[in-house]
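To start, the structure itself, in structure tokens.
The values are calculated or read from the model by the stated rules, or taken from the named source; none is laboratory data. Everything numeric in this text was worked out from a predicted model, so none of it was measured. Using ideal geometry, Cβ is built from the backbone for each residue, glycine included, and neighbour counts are taken over all protein chains shown.
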Amino acid sequence: MLGHIIRRVLSVAFTFIIVSVIIFLMMHSVPGGPFDANDMPVSEAVRAKMMAQWGLDQPLHVQYFNYMWGVLHLDFGVPFQSPGETVVELISRAWVPSLVLGGLGVLIGAPLGILLGMAAALNRNSWIDYVASTVATLGLTIPVFVTSMLLILIFAVWLNWLPASGWPQPNRWILPIACYAAIPLATYARYTRSAVLDTLNRPFVTVLRAKGLSERRIIFQHVMRNSAIPLVTVFLPMFIGTATGSIFVEAMFRVPGLGAYFVSSIQVRDYTLQMALMLLITFMYCIAYLLSDIAYALLNPRIRVGGAE
Amino acid sequence: MNTLVRLAGVLVAATALSIPAFAQTTVVAPSGSTAGTYMDYMKTVYDRGTGSELLQIPIATFDKEFELTPMAAESWTQSEDGLTWTFKLRSGLVWSDGEPLTAEDFVFALQHAATSGYDFAWYWDFAGGIKGWKEVTEGTADVSTLGLKAVDDLTIEVTTVAPKPYLPSVTSLWYPVPKHKVDELGDDWSLDVSTIVSSGPFEIESWEKSNNSVVLTKSDTYTGPWSPMIDRLELDPTLNAPEVGLPAFLAGDADYSFLNTGQVPVATSRYPDGIRKNAVFATSYISYDLDAAPFNDVNVRRAFYYAVNRDELTSTVLKDIAIPAGSILPPGYPGYNPDIAAEAVFDPEKAKKFLADAGFPNGEGFPDVEIWYRDEGGYNKAIVPAMAQYLQAEFKEVLGITLNIRALPGPEWMDGLRGKKNNIFIAPYEYDYLDPSNFYGIFYNGGRHGYFIPEYDEIVAKADSESDWDTRYKLYAEAEQLMIDQGLIVPLVHPVTIAVVSDQLTGDGVQPNSLGFTQLDRLGHYFFTHITKQ
């Protein structure tokens, strides 16, 4: 296990380097630069001066090594679109609202989805099952900007129960969290339903029933545990996807989160921030899959990480 | 009993504390979206912090009828030879930290802009024509050679390369920079609320950098004209998109909101008295690479000019959000010439004939072309993509040619335009100062399109420095006729923005002007100092 973890950490580092090279090259191959004015050009002399100030006049490989050297020291540079703070400061500031809303969205949506999925599986082909399927399908197919619009329309404009948008008062969190929760809820409802049904059909459940174990113990002790593996697979990636902020949800609910920076850093050629965000996402996914692997092993002793079965 | 007394005491204290809070009027308004790097208009325009212009006092500004109104300046005079302007500042103006605001701060603002990569630097060359500007920004001359001088604390002298009769209106974008702060902190003075100082009607209270929203408060130290009638102003770029702004407005979270086409009927039926229209002084037009085939042929360009049915365009796909444009100048803008605008008619026969004269009868043999437009927010977002599709269908139908469409992010579009990487573009332009030279300047001597038309340049140069206003307008009309005859551009539409305003918002700022338009935040200094809330 330890050896496997070490190997995985090394592979994370390797992935990290590959991704950084690809992102760096892609970023610089897009035409235009951070100091190209939107409407009228600045003079060549001034532009050259600004490029030099940020080291952007140097050959690409030098820029790459300079940046990555900084990364090793946790220095991701200064974002061009927010001078006066570092990339690390910017991310730690803007990530808070995204983490709070997206994180709570997943933490609320996932358990509800599991409950819904279980209810559906245990009452197959009943009205509960149909309602659950409908909810899951709607949650997965309606885009978040439509969900958010509907939530605002119903709860803020018609019923006037909640504010339409904004930050940071907690009553303004409710609608975006509801919006974020829809996807994990729907995903989990579907996954849980099929995982539970799958487990219920396994021979061991029949054996347990034959053994005379109560249905409650069968479900909660055996079926649930065995159904958990696919749920673990989706949890962390979904958490990362949601907790790094959605540009749509954050725009609709006017949340000053991280979401918009993913787009703006590309639009304004904010190289330092763009790299940092991509590396952050890469890093988190690597860690998420590593943790998922470990969780598998804990849930099912037959799975031996590293193929040592 | 004791508890009751204590409770009463708390209640009294709470009431006392809450009275000033209730008495405060706060207006929550949408605001144009920029990156929000520096809170200094003289450091960056395209990436400025929200409201940075409201924090400072310009030399002059426009009221709702577009009359130029002195602000920091009290008066100005032009020298006999027309080359030197003298601006006299009001006495008693101060920075919010108590330091006096002097002529030196204005001169420093431009000297600094000329040397530190100001993204609006071109303005002071092409609009201001300040002596030495080009040389200093290109790094070939020292900043001390600029035609700017603080004669004394209250007198500024500006020397231009040619007579600029409209220079005072150019100064509507001339804001001071606190030299004492730059000396102490460098450009970083405008990065943090605690170090930002202001000279205008508002001070800054807070700045959320993630979405560039700000809270401004009425300045205690401001002694210039137009003091705000409200206490606090929240400017929020996230409310700018009508899809977000209108729901917030309906829920009482915003005091006005811009509307998209779909929202206009709903808002009009619910708030018939709250609808405000603004004809933005802006024009969308087609421009070309004049050196590249097939648009190096004037007949092709003329064919395009006559192939657009502007009335149909603005009554169908762009209903409520644009009006037809026959001229580069919008109606109501100084120098607007209705006779020239009337020449831009939809004439399919003429269009076909021009195309045939160019060697492409019924579009046969005409290469496929791709029109590039800039993918952007604001009013252009609703107008330009829809218009591109309309043009595509129209040119197919009338001229029999295939026009492909490509949307590009701002920097790539600009790069394409400047670097002539494509041969046809949809270009939007919004005025920067109120004078025809603004719009004619974008095609002058290269300008933003890389157009070099000697005859045109000659007329425009003459018009720019002509001090007799009738003669000036005549010269500009001549220049525009030349643009039409040579098919340099195809004027398409002028955008109109529509907003819905809360009935709690009152004051001159929300009342339409004599043309029936309400500028809202497009004339920020006027608007935000002339509104109040019930």
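Things worth noting here:
- Pairs meeting the criteria (first residue in region A:151-170 and facing chain B (nearest Cβ under 8 Å) and crowded, with 20+ Cβ neighbours inside 10 Å, second residue assigned to a helix (DSSP H, G or I) and among the small types (Gly, Ala, Ser), beta carbons under 6 Å, at least 6 apart or on different chains) are A:Ala164/A:Ala156; A:Ala164/B:Ala248; A:Ser165/B:Ala248.
- Residue, farthest from the chain's Cα centre (by Cα), within region B:191-218, restricted to residues that are of a type in the set (Gly, Ala, Ser) and surrounded by fewer than 23 Cβ atoms within 10 Å (Cβ to Cβ): B:Ser194
- Residue match in region B:218-236 (condition: more than 10 Å from chain A (Cβ to nearest Cβ), part of a loop (DSSP other than H, G, I, E, B) and at positive phi): yes
- Filter pass, B:Ser116 being within 27 Å of the chain's Cα centre (by Cα) and free of Cβ contacts under 8 Å to residues at least 60 places away in the same chain: no
- Residues within region A:256-284 that are touching a residue at least 40 places away in the same chain (Cβ under 8 Å), small (Gly, Ala, Ser), within 13 Å of chain B (Cβ to nearest Cβ) and touching a helix residue (DSSP H, G or I) at 6+ places or on another chain (Cβ under 7 Å), tallied: 3
- Verdict on B:Asp188 being surrounded by fewer than 17 Cβ atoms within 10 Å (Cβ to Cβ), charged (D, E, K, R), within 30 Å of A:Ala52 (Cβ to Cβ) and modelled with pLDDT under 95: yes
- Applying the criterion of being in a helix (DSSP H, G or I) and of a type outside the set (S, T, N, Q) to the residues of region B:418-439, the residue that is farthest from B:Asp464 (Cα to Cα) is B:Arg418.
- Residue in region B:159-174 that is within 14 Å of chain A (Cβ to nearest Cβ), touching a residue at least 12 places away in the same chain (Cβ under 8 Å) and either in a loop (DSSP other than H, G, I, E, B) or crowded, with 20+ Cβ neighbours inside 10 Å (or both) present: yes
- Residues of region B:253-279 that are assigned to a loop (DSSP other than H, G, I, E, B), more than 8 Å from chain A (Cβ to nearest Cβ) and over 15 Å from B:Lys381 (Cα atoms): B:Ala254, B:Asp255, B:Tyr271, B:Pro272, B:Asp273, B:Gly274.
- Hits in region B:126-145 - residues which are within 11 Å of chain A (Cβ to nearest Cβ) and buried (at least 19 other Cβ atoms within 10 Å of the Cβ): B:Phe126, B:Ala127, B:Trp133, B:Lys134, B:Val136, B:Thr137
- The residue that is farthest from A:Ala110 (Cα to Cα), counting only those in region A:189-206 that are part of a helix (DSSP H, G or I) and among the basic types (Lys, Arg), is A:Arg193.
Listed here are the residues, each with its yes/no results for (1) more than 24 Å from A:Pro31 (Cβ to Cβ); (2) charged (D, E, K, R); (3) surrounded by fewer than 19 Cβ atoms within 10 Å (Cβ to Cβ).
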site	(1), (2), (3)
B:Phe366	yes, no, no
B:Arg374	no, yes, no
B:Tyr379	yes, no, no
B:Ala382	yes, no, no
B:Pro385	no, no, yes
B:Leu391	yes, no, no
B:Val398	yes, no, no
B:Ile405	no, no, yes
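- A:Arg269, sole failed condition from (1) within 27 Å of A:Thr147 (Cβ to Cβ); (2) outside any helix (DSSP H, G or I): (1)
- The lone exception for B:Val496 - which of (1) crowded, with 19+ Cβ neighbours inside 10 Å; (2) away from chain A (no Cβ under 14 Å); (3) among the aliphatic types (A, V, I, L, M); (4) more than 30 Å from B:Gly262 (Cα to Cα) it fails: (4)
- For B:Phe249, the criteria (1) assigned to a helix (DSSP H, G or I); (2) over 16 Å from B:Leu391 (Cβ atoms); (3) out of contact with any strand residue (DSSP E or B) (no Cβ under 9 Å at 6 or more places or on another chain); (4) hydrophobic (A, V, I, L, M, F, W, C) hold in every case but one, which is (3).
- Members of region B:18-51 that are away from chain A (no Cβ under 14 Å), in contact (Cβ under 8 Å) with a residue 60 or more places away in the chain and of a type in the set (S, T, N, Q): B:Gln24, B:Thr25
- Unique match (being more than 14 Å from every other protein chain (Cβ to nearest Cβ), on the phi > 0 side of the Ramachandran plot and at pLDDT 80 or above) among A:Gly55, A:Gly70: A:Gly55
- Qualifying position, being in contact (Cβ under 8 Å) with a residue 60 or more places away in the chain, within 14 Å of another protein chain (Cβ to nearest Cβ) and either of a type in the set (Val, Ile, Thr) or not in a helix (DSSP H, G or I) (or both), among A:Gly84, A:Gly33, A:Gly77: A:Gly33
- Residue within region B:55-74 that is among the β-branched types (Val, Ile, Thr), touching a residue at least 60 places away in the same chain (Cβ under 8 Å) and surrounded by fewer than 22 Cβ atoms within 10 Å (Cβ to Cβ) present: yes
- Among the candidates B:Asp97, B:Asp125, B:Asp119, B:Asp81, the residue that is charged (D, E, K, R) and in contact with a Lys or Arg (Cβ under 7 Å, 6 or more places away or on another chain) is uniquely B:Asp125.
- Condition check for B:Trp226: hydrophobic (A, V, I, L, M, F, W, C) and surrounded by 21 or more Cβ atoms within 10 Å (Cβ to Cβ): no
- Filtered by the rule that a residue be in contact with a strand residue (DSSP E or B) (Cβ under 8 Å, 6 or more places away or on another chain) and β-branched (Val, Ile, Thr), region B:346-405 gives B:Val369, B:Ile371, B:Ile383, B:Val384, B:Ile401, B:Thr402, B:Ile405.
- Residue within region A:135-149 that is at the interface with chain B (Cβ under 10 Å from one of its Cβ atoms), under 24 Å from A:Gly102 (Cα atoms) and modelled with pLDDT of 90 or more present: yes
- Where helices (runs of 4 or more DSSP H) sit wholly within region B:308-417, those with at least 2 residues that are among the acidic types (Asp, Glu) occupy B:310-315, B:348-357, B:378-399.
Every residue, every condition in (1) polar (S, T, N, Q); (2) surrounded by fewer than 19 Cβ atoms within 10 Å (Cβ to Cβ), yes or no:
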| residue | (1), (2) |
| --- | --- |
| B:Tyr456 | no, no |
| B:Asp470 | no, yes |
| B:Tyr473 | no, yes |
| B:Gln481 | yes, yes |
| B:Ser502 | yes, no |
| B:Gly509 | no, no |
| B:Asn513 | yes, yes |
| B:Thr518 | yes, no |
